[in-house]
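Remarks on the structure that follows.
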Amino acid sequence: MIHNERLTATLDGEFVVFLIGMRINRPLNLHKWLPVATAMPRMIKELYKQPELGFIHAEMWFSRTIILLQYWRSMEQLIGYARDRQAEHLPAWKAFNKAIGTDGSVGIWHESYAASAGTYESIYVNMPSFGLGRAGKLRVAVGDRQSAAGRLSARENE
């Protein structure tokens, strides 16, 4: 459903924005990049089934560079999942290092950001529920919330 009004998003408490992805450097080396690309959806499926791990929501884009945007409750829970020997992540990481390592065929990256009230802002117009608006709650952006500065100061006062 497309929301035509001007909306902003909130997520109660502190949270983590985690960006992770891969870049296909040698597209003809399907045997190198396909296992990496298929590992990501397995991890997300596992995480949605176990909300107690701290995972909240993810959005994914596919192109030569695959990007996965994730929201987590805390940095500790994100790191805990990455280190969990029973989870999908470590076997995928080990397989990447064994099959690809630093041969240049597939690039991988990630960035992590901690957020709290007053440190983030968002706006959505003519969009379905998306990103932070899907991980948290959407509400109409009114009054002083029409600007990024207004949305940021409103978060500080919540």
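Some points to look at:
- Neighbours by Cβ (under 8 Å, 6+ apart or cross-chain): first from the range 43-60, in contact (Cβ under 8 Å) with a residue 60 or more places away in the chain; second charged (D, E, K, R): Ile56/Arg73; His57/Arg134; Glu59/Arg134
- Options Pro91, Pro35, Pro27: the member that is without any contact (Cβ under 8 Å) to a residue 24 or more places away in the chain and not hydroxyl-bearing (Ser, Thr, Tyr): Pro91
- Selection of the range 101-116 for residues being under 21 Å from Leu19 (Cβ atoms) and buried (at least 16 other Cβ atoms within 10 Å of the Cβ) yields Val106, Ala115.
- Taking the listed residues Ala58, Ala95, the one that is touching a helix residue (DSSP H, G or I) at 6+ places or on another chain (Cβ under 7 Å) and surrounded by 14 or more Cβ atoms within 10 Å (Cβ to Cβ) is Ala58, with no other qualifying.
- Sole exception among (1) of a type outside the set (A, V, I, L, M); (2) at pLDDT 90 or above; (3) buried (at least 17 other Cβ atoms within 10 Å of the Cβ) for Gln86, by number: (3)
- Residues within the range 22-32 that are assigned to a strand (DSSP E or B) and surrounded by fewer than 18 Cβ atoms within 10 Å (Cβ to Cβ), tallied: 1
- Any chance Met22 is more than 19 Å from Tyr120 (Cβ to Cβ), in contact (Cβ under 8 Å) with a residue 40 or more places away in the chain and outside the structural domain of Thr102 (by TED's automatic domain parsing): no
The values are calculated or read from the model by the stated rules, or taken from the named source; none is laboratory data. Computed from a prediction, not measured in an experiment: that's the story for all the values here. With ideal geometry, Cβ positions are generated from the backbone for all residues, glycine too; neighbour counts draw on all protein chains shown.
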